[in-house]
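Have a look at the structure below, then the notes.
The values are calculated or read from the model by the stated rules, or taken from the named source; none is laboratory data. Since the structure is predicted, the reported quantities are computational estimates derived from the model, not experimental observations. Reconstructed Cβ throughout: ideal geometry from the backbone, glycine too, with neighbour counts over all protein chains shown. For the accessible areas, the whole protein counts, side chains as well, though only heavy atoms, and no ligand, DNA or RNA atoms are used. Shrake-Rupley method; radii C 1.70, N 1.55, O 1.52, S 1.80 Å.
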Amino acid sequence: MKHTLTALFFLSGSLAFAQFPNRTPTPNDTLKSVQVQEDGKLKFSIYAPKSSEVRVSGDFSGGFPGLMLEKSDIGVWSATTSGPVSPDVYTYDFYVDDLKVFDPKNSLSKESNSGYSNLFEVPGEENEFQALQDVPHGRVEKVWYKSETLDGVTRRLHVYLPPNYDEISKTQKLPVLYLLHGGGDNDASWTTAGRANLILDNLYAEGKIEPMIVVMPAGHTGIPGFFMGAGYWQDPACRDLVHTVIPFIDSNYPTFSDREHRAIAGLSMGGVQTLNTALWNPELFSYVFPMSTGYFPPNIQEIKDKHEDVMTNKEINNFKVFKIYMGGETDIAYQNNLNMMEMFDGFGINYQYQNGSYAHTFREWRRNLLDLAPLLFR
């Protein structure tokens with residue numbers, strides 16, 4: 001005890017008599033990096049006095065390829081959108097001298113497979129479906145598991161459990177939605193940029209959806225390659241989903257294990273993974289929702305040449321819901337999707353189609369989730 005007290009006294013004395021240099025205040029001390037102006041336009045700002053060029057890009061209107069910021073005489077770079085921005089949640093990135101920089105004035109972020117981007121929210125009626133409301137909330141678990149399918153590597157997934165899960169799970173089993181992310185993102189993206197947990201919380205509060213577990217697995221693996229071909233076995237993430245993730249979830253959560261209580265949805269790369277997993281394993285799912293996706297022309301030809309038996313499997317037309325979402329004509333997957341649907345028509349596959357207007361962004365995919373969740377497990 002004596003040594004401990006002496007050490008504490010020495011530390012306390014050192015701190016008390018340490019001489020800290022006076023820090024000169026800078027404009028960054030009170031800077032707001034994103035502001036909604038009275039006219040509804042967005043103003044972006046960042047303090048970078050020694051930089052020569054700054055731009056900002058994101059999924060706000062005019063955000064691609066980005067806005068060039070102008071430097072003030074106090075070292076603050078700023079730019080304002082050309083028009084008002086509607087209520088929503090947006091992603092943005094600053095680039096300072098071509099270096100992507102995380103906004104030091106904003107901790108709200110989207111996690112992806114290669115790093116972080118910032119998020120900001122413009123409040124308003126159009127945004128309420130995905131806003132944090134005073135309602136009962138579910139919880140999101142970060143889960144690590146060992147994938148025997150991928151040679152025993154440890155992988156991560158996220159699981160959303162509905163409000164009152166602890167009570168519900170004591171007496172009943174729950175259906176499962178497998179919700180897949182896009183290329184470059186990861187298993188956290190649906191609960192950061194995707195706001196999946198808040199969207200579902202709000203739908204529960206309105207009585208529009210049934211209690212369900214939502215599993216958000218990682219769509220990338222450490223195995224090199226571009227896995228967008230035809231057939232789930234060509235993609236290691238799809239093999240992992242079918243052979244490891246689904247059995248893992250059924251073993252560790254109170255789930256139904258029949259197709260009637262299992263759904264799959266995914267965007268972009270995850271949309272192809274959704275199709276490859278469900279069309280090649282239709283006995284596993286009753287609800288299938290690819291978003292902003294479509295097979296590339298060589299893969300469509302591959303399917304026609306080698307997989308007619310898969311496309312003509314009558315079990316595909318036994319899906320309770322097979323609904324394809326698209327983000328409008330400006331969605332980068334728009335033509336691929338048209339080609340794919342033409343192929344489906346040729347094989348006599350039944351599906352629904354809904355075209356949106358927010359292109360290849362989470363602004364579209366959050367609204368897809370809002371639409372599809374009430375269709376499940378009714």
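Per-structure values
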read-out: Largest to smallest accessible area among Y165, Y334, Y160 [probe 1.4 Å]; value: Y334, Y165, Y160
read-out: Segment E125-I223, length gained on full extension (0.36 nm per residue, minus Cα span); value: 30.9 nm
read-out: Of all accessible heavy-atom area on the chain, the percent that carbon and sulfur account for (1.4 Å); value: 52 percent
read-out: Solvent-accessible ranking of T255, T30, largest area first, probe 1.4 Å; value: T30, T255
read-out: Proximal lysines to K323, defined as alpha-carbon separation beneath 19 angstrom and excluding residues fewer than eight positions away on the same chain; value: K208, K314
read-out: Taking the range 158-313 and dividing mean pair separation by its residue count, relative contact order in percent (alpha carbons under 8 Å, at least six apart); value: 27 percent
read-out: Percent RCO, i.e. relative contact order, over the range 91-130, from Cα pairs under 8 Å lying at least 6 residues apart; value: 36 percent
read-out: GNM flexibility winner over the chain from K170, K320, K110 (Cα, springs under 10 Å); value: K170
read-out: Computed magnitude of the charge dipole of the range 208-321 (debye, nearest 20; Cβ of K, R +1, Cβ of D, E -1); value: 220 debye
read-out: Probe 1.4 Å - accessible area at T192, Å² to nearest ten; value: 30 Å²
read-out: Chain lengthening between N355 and Q35 when straightened (0.36 nm per residue, less Cα-Cα); value: 112.1 nm
read-out: Over the chain: helical MRE at 222 nm, DSSP H runs n ≥ 4 each giving -39500 (n - 2.57), nearest 500; value: -7500 deg cm²/dmol
read-out: Which of N299, N318, V56, positive extreme of dipole for the chain (C-beta unit charges); value: V56
read-out: Area accessible to solvent at E364, 1.4 Å probe radius, in Å²; value: 10 Å²
read-out: Lys, Arg +1 and Asp, Glu -1 on Cβ, resulting dipole of the chain about Cα centre, debye, nearest 20; value: 960 debye
read-out: Spin-label model distance (nm) - R23 vs D73, 7 Å beyond Cα toward Cβ; value: 2.7 nm
read-out: Percentage, to the nearest whole number, of Cα pairs in the range 294-378 over 22 Å apart; value: 33 percent
read-out: The chain: angle of helix 297-306 to the longest principal axis, Cα-based, in degrees nearest 10; value: 30 degrees
read-out: Chain lengthening between F64 and K306 when straightened (0.36 nm per residue, less Cα-Cα); value: 83.2 nm
read-out: Value of relative contact order over the chain, rounded to a whole percent, pairs C-alpha under 8 Å and six or more apart; value: 12 percent
read-out: Too-long pairs where the Cα-Cα distance tops 21 Å, listed order kept, from K71/K110; K71/K100; K110/K142; K43/K71; value: K71/K110
read-out: Sequence of L376, L132 when ordered by accessible area, the most exposed leading, probe 1.4 angstrom; value: L132, L376
read-out: Probe 1.4 Å - accessible area at D73, Å² to nearest ten; value: 150 Å²
read-out: FRET efficiency for V153 and F256, using Cβ-Cβ distance with R0 set to 22 Å, rounded to 0.05; value: 0.20
read-out: Stokes-Einstein translational diffusion, the range 94-230 - Kirkwood Rh over all Cα pairs, 1.002 mPa s, 20 °C, in µm²/s; value: 125 µm²/s
